[in-house]
Each structure stands twice: as C-alpha cells, then as structure tokens.
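Below: the structure, in structure tokens.
The values are calculated or read from the model by the stated rules, or taken from the named source; none is laboratory data. What you are looking at is a predicted structure, and each value in this text was computed from that prediction instead of being measured. Here Cβ is always computed from backbone atoms with ideal geometry, including for glycine, and neighbour counts include all displayed protein chains. To get the accessible areas, we keep the full protein, side chains included, count just its heavy atoms, and leave off ligands, DNA and RNA. Shrake-Rupley method; radii C 1.70, N 1.55, O 1.52, S 1.80 Å.
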Amino acid sequence: MASKGLIKRVRQLQQKKYRSQTNQFVVEGSRAITEFIKNKDAFDCVHLLTTKEQAEVVVHRGVLDHVVDVDPRYQSVTPLEMSKMTGLSTACDSLAVFQRKLPDETAEEVRQNFRDSQLSLALDSVRDPGNLGTLIRLCDWFGMRNLLLSSDCCDCYNPKVVRATSGGPTTPEFQRENERERELVGHGDEVPADVAPGDGGARRPA
C-alpha cells in the first residue's frame, strides 16, 4: 500500500520543476522500466510500484535485484492508488521512480565529448513531447550518443517524452545549451540542418 506522501511525490514528478529539483522522473510500463533499470551507470531505481497482479511477474524476472536498497524499495499497490500516481488516462500496472546520476565531467569536458563525436544531433525549439521522444528513439537506433537541445526544447524526462522513446533516453547523452552556435561553430565540419517550414535541408560550413 502506497503512503499519501509517496503518492504526492510521484504526482509532483509530473511537473518539470520537481523533476529539476530532485533529478528524479517517472517511468510507466514494464518494458520501459526494464530498459531504464538495465542502465545502472545513468539511473538508480528508487521506487518500483506494481499492482498485485503484476507483482509475481516482477519477482519472477528478478527485477528487484536491480533496485537500490531504499525504504520502500518495492511496493504492491492497488489499481486505485496507481490511478492517483499515473500521468496516463488509463494507469499501467507498473510504475517506477528513477534517480538520475549526474555526470562527473565538467561542462567543458561534456562539450569536448560532443566535439569529438563523429555524429551528434542538435535540436532547436522542439516543444512537442511526442516528437522529441521519437527523435531520441531514432538517436538510439542509429547509434547517436550525443543530443544537443536548445533551452526552449521540452524536458527530456517529461513523462510523455519517456513514453514516446520506449526506453530510448537510457542511451544518448543530453546537453542543453543557450548558445548553440557557439558550440557548433569553429570545428571545421559541416552542419546539416533541416529547417521548417518546408525549406528542405540546408547545409553550411561550421
């Protein structure tokens, strides 16, 4: 049974300000949860909540072995409690709260990592969570490990983005930058760009 305090905290994580304050976010659905749990280098699963019917599946798959030892590390909840925590119109049978592990690199080291990458994706003003989630999933499919986001892109850990990625955000590294041109210009490379509306691809030297 979930406490009122836990229900409140999970509900708060539907809002960006609380995700930013805590570096935590919500993942719903067993498939996506499993993908995030596998990436121990980037995330800790601090709460795992399932309905009673899903509990046997979780135990059988050994998912609990990957969850950090916190109190409570795992709980079985009622469908009503799950409906109070979900961001979906119809609640899933499993929900997890993950803690992001912040990288040890300095800002300059992160930027250098982007410069050294053979292929990175830079996004400007992508505000639709579903579109951003799809782009992150494509990054994963094509092996892109670096994603540069403008300051006005939506939050990568917005629950709608997470759902659209199907676990994809476990792979790329994200960097937000207000001055994208400063980071891209000066590397002697070409920067392919697709510019809306319908201008086609624009290519110019960086």
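Results, tabulated for the structure shown:
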quantity: Positions within region 70-92 being at pLDDT below 85, under 22 Å from the mean Cα position of the chain (by Cα) and either open to solvent by 90 Å² or more (accessible area, probe 1.4 Å) or over 13 Å from V27 (Cβ atoms) (or both), in sequence order; calculated: V70, R73, Y74, S89, T90, A91
quantity: Residues of region 14-56 that turn out to be in contact with a Phe, Trp or Tyr (Cβ under 6 Å, 6 or more places away or on another chain) and either of a type in the set (S, T, Y) or under 23 Å from R127 (Cβ atoms) (or both), as a count; calculated: 3
quantity: Test: residue in region 175-197 that is closer than 25 Å to K17 by Cβ, open to solvent by less than 50 Å² (accessible area, probe 1.4 Å), at pLDDT 55 or above and in a helix (DSSP H, G or I); calculated: no
quantity: Cβ pairs under 8 Å, 6+ apart, first in region 108-127 and open to solvent by less than 90 Å² (accessible area, probe 1.4 Å), second among the aliphatic types (A, V, I, L, M) and at pLDDT below 70; calculated: A122/L184; A122/V191
